[in-house]
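Peer 1: Provided herewith is a single structure, encoded as structure tokens, for subsequent inquiry.
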Amino acid sequence: MTITDTDRKDGRVVGIAGPVIDVEFQPGSLPELNNALEFTVNVDGQPVTVLAEVAQQLGNSRVRAVCMKLSLIHISEPTRPY
């Protein structure tokens, strides 16, 4: 499956456990396993882009992903497929 920019839907972080995040998307917009998610957080006033890999589809329009960088994030952080 090829994803174009118009197919990508933003999600939001709903859970954090160390480098693992749970992200909720609109129904029908769940990213596939092993796809990347991208989000930006502010660390010491500087924007930092973080990538996470989708490891599991949890149901209820949620995925579990593993961050590839330090994840100093907050619940409800906007997240988008990469």
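The values are calculated or read from the model by the stated rules, or taken from the named source; none is laboratory data. The structure displayed is predicted, hence computed values, not measured ones. With ideal geometry, Cβ positions are generated from the backbone for all residues, glycine too; neighbour counts draw on all protein chains shown.
Peer 1: Which of the residues belonging to the range 56-65 are surrounded by fewer than 13 Cβ atoms within 10 Å (Cβ to Cβ) and either of a type in the set (Phe, Trp, Tyr) or free of Cβ contacts under 8 Å to residues at least 24 places away in the same chain (or both)?
Peer 2: Within the range 56-65, the subset surrounded by fewer than 13 Cβ atoms within 10 Å (Cβ to Cβ) is 59-60.
Answer for the range 56-65, where residues must be surrounded by fewer than 13 Cβ atoms within 10 Å (Cβ to Cβ) and either of a type in the set (Phe, Trp, Tyr) or free of Cβ contacts under 8 Å to residues at least 24 places away in the same chain (or both): just Gly59.
Peer 1: Please state which of the following conditions Pro27 fails to meet, knowing it meets all the rest: (1) modelled with pLDDT under 95; (2) at positive phi; (3) not charged (D, E, K, R).
Peer 2: In the conditions (1) modelled with pLDDT under 95; (2) at positive phi; (3) not charged (D, E, K, R), Pro27 misses (2) alone.
Peer 1: Could you list all residues from the range 26-38 that are within 11 Å of the chain's Cα centre (by Cα) and not in a strand (DSSP E or B)?
Peer 2: Leu30, Pro31, Asn35
Peer 1: Which of (1) modelled with pLDDT of 85 or more; (2) surrounded by 14 or more Cβ atoms within 10 Å (Cβ to Cβ) does Ile73 not meet, given it meets every other one?
Peer 2: Answer for Ile73: the failing condition is (1).
Peer 1: May I pose another question? When you go through Val23, Val41, Val48, Val54 one by one, which is the residue that is touching a His at 6+ places or on another chain (Cβ under 9 Å) and assigned to a strand (DSSP E or B)?
Peer 2: Within the list Val23, Val41, Val48, Val54, the selection yields Val41.
One line per residue, one yes/no per condition, for (1) at negative phi; (2) modelled with pLDDT under 85; (3) touching a Lys or Arg at 6+ places or on another chain (Cβ under 8 Å):
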residue: Val41; (1), (2), (3): yes, yes, no
residue: Ala52; (1), (2), (3): yes, no, no
residue: Ala55; (1), (2), (3): yes, no, yes
residue: Val66; (1), (2), (3): yes, no, no
